[in-house]
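The values are calculated or read from the model by the stated rules, or taken from the named source; none is laboratory data. Every value quoted in this text rests on a predicted model; they were computed, and no experiment measured them. Positions of Cβ are generated from backbone atoms using ideal geometry, with glycine treated the same way; all protein chains shown enter the neighbour counts. Keep in mind that these areas ignore ligands, DNA and RNA; they rest on the heavy atoms of the full protein, side chains included. Shrake-Rupley method; radii C 1.70, N 1.55, O 1.52, S 1.80 Å.
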Amino acid sequence: MRRDMTINLVIFGLLVATAIGAHLMGEGFTVTLATKAAIFGLAGVGLNLALGYGGLVSFGHAAFFGIGGYVTGIFASHAASGQPILTLPFTLAGSNEMLGIWPMAMVAAGLAALVIGALSLRTTGVYFIMVTLAFAQMLFYFAISWPRYGGEDGLSFYVRNTFPGLNTFDPIQYFAICATLLGLALLFTAVVTQSRFGLALQAARQNSQRTVAVGIRPYGIRLTAFVLSGMIVGLAGALYADLNRFVSPAMLSWHMSGEIMVFVILGGVGRLCGPVAGAAIFILLEHLLGGVSDYWQALLGLLLLAIVLFAPGGLIGIVTGSRRHA
Amino acid sequence: MHEPILELTGLRKSFGALVATDDVSLTLRPGEIHALIGPNGAGKSTLIRQITGEIRPDQGSIRFEGQVIDGLDAAARARLGLARSFQVSSVIPDFTVLQNVMLAVAGASGNAFGLLRPALSDHRLTEPAAFHIEQAGLSGRAGVKAAELAHGERRKLEIAMALALRPRAFLLDEPMAGMGLEGGRQLTAILSDLRTEAPILLVEHDMDAVFALADRISVLVYGRIIATGTVDEIRANPEVRRSYLGEAA
Ligand SMILES: Nc1ncnc2c1ncn2[C@@H]1O[C@H](COP(=O)(O)OP(=O)(O)O)[C@@H](O)[C@H]1O
Ligand SMILES: [Mg+2]
């Protein structure tokens, strides 16, 4: 327990130290890489709540990532054009305020998670994986065939959204925003998984028959976890859109769902900071090997295979020497 | 005559051509231990699962404390105080003993949705849990992971979880299975105390324990109850001797 906490602090500290170090050495690009790691880590932390703690193997979390991204892109592009997003049933104007956009992104992703979760949680196992995938693919094809917001080409917005008192264009300041949100999400996860709800969620994963026999219905517990998970991933999507000032259907594709899952598995399923470590390693490998060979994904595949076969606790499990803790 | 706590009327359940429960009617009265015995495959566990709501009977009805519970799911029945243990012990393996029992306390309270308060520092969970752990004879083992418990201790953990439900009736499916002589004796004493909390429907193969504990015994063979009576009546019943006790002796 204490050892896990130390590792969590070390992982988070390393990420922050990398960004600050790079900033001091004038390596703006590395700061941006660290920012990407923080954002992907946040997406992984979100998925981990469902996958790691709840045992809900969702292969459709790109849906929430993409929705968060599109909400951001749509608000920003309307703010630039001055046209309202909606006039009916009420007028909804665009915005370039992050503090206004994030809640929208999270609510939209949360509602989508509520609908997708309510339907897919009626299935289990492979069916659950397929149903979540199918919903995300539906959104993917919808985005491709929706010309208003760029369709296949995606949607660019030229100015990063704003945050009061900060210059979001400065890489280190934008990193600070993303890292703070990541920290808050980690704190939230730590608190939630230790609560009554967290107890019920983890019990339902391990033995749902027993959970029912003490009077707890797994469905509502899992649905709540799925929605919270979707909201966190939606926030990550919003940050990612702002990082690139661009959203495209790729954010909704099954590749993205797979990548988020890879962060979690690589770092350690059901480990608080596992997804952060997983995302950081993923980005490091992509950066180091992506230039050398187009086949870096194959190497990643081998690494994943090794982890799944020999170290199911992920990288964090290797360090702590234990599989998992409740 | 007391109203029965639990009353099964005309229950019937088939799996394909196999009739696992065949017109079973049975009552559990306040304060009693009602043992359900019968050979393997007689349908004892299937009957328990219909009472808990894990499976639905094809026909018949179940009343619990005067209320028809046919429409309630398993979680709702558990919250009413129908507490069960499983034939193959069933606990949350990665949780400690304390966490397992806290889970049951949370379930019984009907509030498993507190998101922010740490469960381990919530006295409304930890205090009752600690009490029931002691009651089930597991003092000093609260911090041990359930997966690391000895078989007999896991049985006791199931009892502690059942107690945490503030039970109005216990449904215990072969609680002595695999306990060994000493463990069986200990558990017999614990079950004898449990009766003061709530009546017990006890499925058990260990005839010594059944004869020591039971107020009434029902004998189930091929899904049918062939006899119900006191210990002495059942011991003397020729049909029971032939179809069940005879085999066992
Ligand atoms: N879900 C099921 N599907 C098909 N047959 C079942 C099922 N559950 C139990 N049975 C059958 O019903 C009969 C009674 O089983 P069970 O209730 O477990 O007996 P007991 O607990 O008395 O040993 C057995 O023949 C068993 O194979
Ligand atoms: Mg049985």
query: In the list A:Pro275, A:Pro312, which residue meets the criterion of being surrounded by 13 or more Cβ atoms within 10 Å (Cβ to Cβ) and within 14 Å of chain B (Cβ to nearest Cβ)?
result: A:Pro312
- prompt: For the stretch B:143-175, what are the residues that are in contact with a strand residue (DSSP E or B) (Cβ under 9 Å, 6 or more places away or on another chain), away from ligand 2 (no atom under 16 Å from the Cβ) and assigned to a loop (DSSP other than H, G, I, E, B)?
  reply: B:Gly143, B:Val144, B:Leu165, B:Arg166, B:Pro167, B:Arg168
- prompt: Could you count how many residues in the stretch A:93-142 are more than 20 Å from A:Leu56 (Cα to Cα) and β-branched (Val, Ile, Thr)?
  reply: 2
- request: Looking only at the stretch B:92-138, count how many residues are part of a loop (DSSP other than H, G, I, E, B), more than 9 Å from chain A (Cβ to nearest Cβ) and open to solvent by 30 Å² or more (accessible area, probe 1.4 Å).
  value: 1
message: Quick check on my filter: what residues within the stretch B:1-40 are more than 10 Å from ligand 1 (Cβ to nearest atom) and basic (Lys, Arg)?
response: B:Arg12, B:Arg29
- request: Write out, first by first residue and then by second, each pair whose Cβ atoms fall under 7 Å of each other, whose residues are 6+ apart or on separate chains, and whose first residue, in the stretch A:75-96, is surrounded by fewer than 15 Cβ atoms within 10 Å (Cβ to Cβ) while the second is of a type in the set (Gly, Ala, Ser).
  value: A:Pro84/A:Ala93
task: Answer with yes or no whether B:Ala146 is touching a Lys or Arg at 6+ places or on another chain (Cβ under 7 Å) and at pLDDT 95 or above.
output: yes
- request: Kindly establish whether B:Arg84 is buried (at least 24 other Cβ atoms within 10 Å of the Cβ), within 16 Å of ligand 2 (Cβ to nearest atom) and within 12 Å of another protein chain (Cβ to nearest Cβ).
  value: yes
- request: Return yes or no: is B:Arg141 in contact with a Ser or Thr (Cβ under 8 Å, 6 or more places away or on another chain), open to solvent by 30 Å² or more (accessible area, probe 1.4 Å) and either away from chain A (no Cβ under 14 Å) or within 16 Å of B:Ser90 (Cα to Cα) (or both)?
  value: no
- request: Hey, could you check the stretch B:21-45 for residues that are surrounded by fewer than 21 Cβ atoms within 10 Å (Cβ to Cβ) and within 12 Å of ligand 2 (Cβ to nearest atom) and say which is farthest from the other protein chains (Cβ to nearest Cβ)?
  value: B:Pro39
- request: Identify, by number, the condition in (1) within 16 Å of ligand 1 (Cβ to nearest atom); (2) in contact with an Asp or Glu (Cβ under 9 Å, 6 or more places away or on another chain); (3) open to solvent by 30 Å² or more (accessible area, probe 1.4 Å); (4) not basic (Lys, Arg) that B:Ser243 doesn't meet.
  value: (2)
- prompt: From the list B:Leu181, B:Leu172, which residue is aliphatic (A, V, I, L, M) and away from ligand 1 (no atom under 16 Å from the Cβ)?
  reply: B:Leu181
task: Restricting attention to helices (runs of 4 or more DSSP H) lying wholly within the stretch B:176-238, give those where 2 or more residues are in the same structural domain as B:Ser45 (by TED's automatic domain parsing) and touching a Phe, Trp or Tyr at 6+ places or on another chain (Cβ under 8 Å).
output: B:231-236
Residue in the stretch A:194-222 that is farthest from the chain's Cα centre (by Cα), counting only those that are more than 7 Å from every other protein chain (Cβ to nearest Cβ) and open to solvent by 10 Å² or more (accessible area, probe 1.4 Å): A:Ser208
- line: Result of the Cβ filter at 6 Å on the stretch A:36-54, keeping first residues that are touching a residue at least 24 places away in the same chain (Cβ under 8 Å) and partners that are open to solvent by 10 Å² or more (accessible area, probe 1.4 Å) and among the charged types (D, E, K, R), at least 6 apart or interchain, is A:Gly54/A:Arg205; A:Gly54/A:Arg222
statement: For the stretch A:177-205 the number of residues that are part of a helix (DSSP H, G or I), more than 18 Å from A:Gly237 (Cβ to Cβ) and without any contact (Cβ under 8 Å) to a residue 24 or more places away in the chain is 7
message: Looking at the stretch B:116-131, I want the residues that are over 24 Å from A:Thr224 (Cα atoms) and have a partner that is open to solvent by less than 100 Å² (accessible area, probe 1.4 Å) with Cβ atoms under 6 Å, at least 6 apart or on another chain. Which pairs are those?
response: B:Pro128/B:Val105; B:Ala129/B:Leu98; B:Ala129/B:Val101; B:Ala129/B:Met102; B:Ala129/B:Val105
field: Residue list for the stretch B:64-77, filter: under 17 Å from B:Pro167 (Cβ atoms) and open to solvent by 60 Å² or more (accessible area, probe 1.4 Å)
entry: B:Glu65, B:Gln67
- request: Considering only the stretch B:47-70, state which residues are in contact with a Ser or Thr (Cβ under 7 Å, 6 or more places away or on another chain), free of Cβ contacts under 8 Å to residues at least 60 places away in the same chain and outside any loop (DSSP other than H, G, I, E, B).
  value: B:Gln50, B:Gly60, B:Ser61, B:Val68
